[in-house]
Amino acid sequence: MTRIRTRLLLLAATLVLWLPAGAQLHRGARTIVRGGMLEKPDSLRPRRDSLELAKIIQQFDSVATADYLADSAAVAALRTDDRRYLDSVALAHFDVARLGIDTTTKPRVFKKGWLMSDSMSLSKVCWLSTVLPGYGQIYNKQYWKLPILYGLVGTGLGLYIHENKTYKPLKRQYESYTDVSASRTPELDALQSQMIRSNTRRQAYLGITIASYIYFIGDAAVSYKTNDVSDVKKATTLACIFPGAGQIYNKSYWKVPFVVGGFASMIYCIDWNNRGYQRFKKAYNLLSDYEHNPDKYPDGPTDEFHGRYSASFIRNLRNNYRRNRDLCIIISGALYVLQIVDAHVDAHLKDYDVSDDLSMNIEPLIDYTYIPTLGGNRPVFGFNLSLKF
């Protein structure tokens, strides 16, 4: 029996060595054997699933694209007013409780356009008021000011045109007398007095017209409240419109006499030097013509000074008056720019916070500085000065 058992064990060992490698594996607890073969996983299943998913997505995209094109065509067919109405309805139904919107009041409709836009800047309103008198009052909805504006400007302009028709013939008659001879005669004096009175009335009417025109441009700037423009821009704009208006807007009344007085002085100096220039220019022309053509004047020079002064002397006086006139014009331009800058800076300083805490603090200071010549650090004594303003 022992020998038979030994032989059986050797035969079993030989069979085990001759079996395939796969048959030597032991089956686990979850291994399922069907028909004597192990079940293998399907390696093509993920690919088939991805193809099915791509096909579903393609079908969904085709349906969504068709719906989107239909909606786009419907939206494009709407008129602008219809779209605006739909937008307002959508806004009205958008969670008004969460946003805290008061639905009892009507939403403000903003006007858009080149002339009556609600977002128009102050500068544009003033420029349009300059070209179109009364535009600023219409933009600010102050229609009751329009009759006053047109009444003052129209009346002043009409009186100026009427007086100018009277002044022009008198001036031509006066120039015809003085071009021949500047000798004073009773007829010339009477003509000159009449011309001066007519010119004074003419300038007064013109001044009323220009003052009314400028005033209503400034009124449009002061009444402008659409975009809550800053006081700095208003003050600067008013200073550009009329000298001294920016100082009045900033309530710096003590500066107004200096600005107005400076401009009044410059205007007077310009007029005075211009009259002197015209006077000596005419005298020089008459005297120069006499020196070149003495045969035309048998009674001697016909200029204002009757030859008492030479032509070069009168020419120098003419040039001096012209130079002074031009210098006064330049000074007036500089004064105009200076008062604009003053109004702009003063408006900024109105909101400048100047603290009442003005203090000075002095503290002792001890520091150490390296000195190469001494080969080490040496103490430095001093003070710290701090100013607070």
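Counting other beta carbons within 10 Å of each Cβ, put W254, W127 in order, fewest first. Spell out each step's value before the answer.
Numbers: W254 8, W127 13.
So the residues, fewest neighbours to most, are W254, W127.
Normalise the Cα radius of gyration of region 119-229 by 2.2 N^0.38 Å (N = residues in it) and let me know the number.
Working: Rg = 20.6 Å, N = 111, 2.2 N^0.38 = 13.2 Å.
In units of the globular-protein estimate, region 119-229 measures up at 1.57.
Assuming a ≥ b ≥ c are the square roots of the Cα gyration tensor eigenvalues, decide whether region 227-279 counts as rounded (a/c under 1.5), prolate (otherwise, with a/b larger than b/c) or oblate. Can you show the working numbers first?
Working: a/c = 7.62, a/b = 2.56, b/c = 2.98.
In terms of gyration-tensor shape, oblate.
Report the label-to-label distance for L188 and Y336 in nanometres (one decimal), using points 7 Å from each Cα along the Cα→Cβ vector.
Rounded to a tenth, the inter-label distance reads 3.6 nm.
Collect residues whose amide H, placed 1.01 Å from N in the peptide plane, falls under 5 Å from the amide H of G134; neighbours closer than 5 in sequence don't count.
Here the answer is none, since no amide H 5 or more places off falls under 5 Å of that of G134.
Could you work out the relative contact order of region 119-229? I mean the mean sequence separation of Cα pairs under 8 Å and 6+ apart, divided by the number of residues, in percent. Each step should come with its number before you reach the end.
Values: 90 pairs, mean separation 52.7, N = 111.
Rounded, it is 47 percent for region 119-229.
Take the Cβ-Cβ distance between K141 and S119 as r, set R0 to 22 Å, and report the resulting FRET efficiency rounded to the nearest 0.05.
Working: r = 16 Å, r/R0 = 0.73.
Efficiency at R0 = 22 Å is approximately 0.85.
Could you calculate the FRET efficiency of Y253 with F313 from 1/(1 + (r/R0)^6), where r is the beta carbon distance between them and R0 is 45 Å, rounded to 0.05?
0.40
Taking the highest mean first, how do the peptides 237-247, 377-387, 318-328 order by number of other beta carbon atoms within 10 angstrom per residue?
Numbers: 237-247: 23.5, 377-387: 9.4, 318-328: 16.4.
Averaged packing, sorted descending, gives the order 237-247, 318-328, 377-387.
Each label point is 7 Å from the Cα along the Cα-to-Cβ direction; what then is the distance between the points at D228 and V260, in nm?
Those two pseudo-labels are separated by 3.5 nm.
Just to be sure I understand the model, the point goes 7 Å from the Cα along the line to the Cβ. What's the resulting N377 to E291 distance in nm?
In this crude label model, N377 to E291 measures out at 8.8 nm.
Full extension from S176 to D367: what is 0.36 nm times the residue separation minus their Cα-Cα distance, to one decimal in nm? Write out the running numbers ahead of the final one.
Numbers: separation 191, 0.36 × 191 = 68.76 nm, distance 9.09 nm.
Extra length available between S176 and D367 comes to 59.7 nm.
A short reminder: the numbers here are calculations on the coordinates, not readings from a lab. Here the structure is a predicted model, which means the values were calculated and not measured. Here the Cβ is made from the backbone with ideal geometry for all residues, glycine too, and neighbour counts use every protein chain on show.
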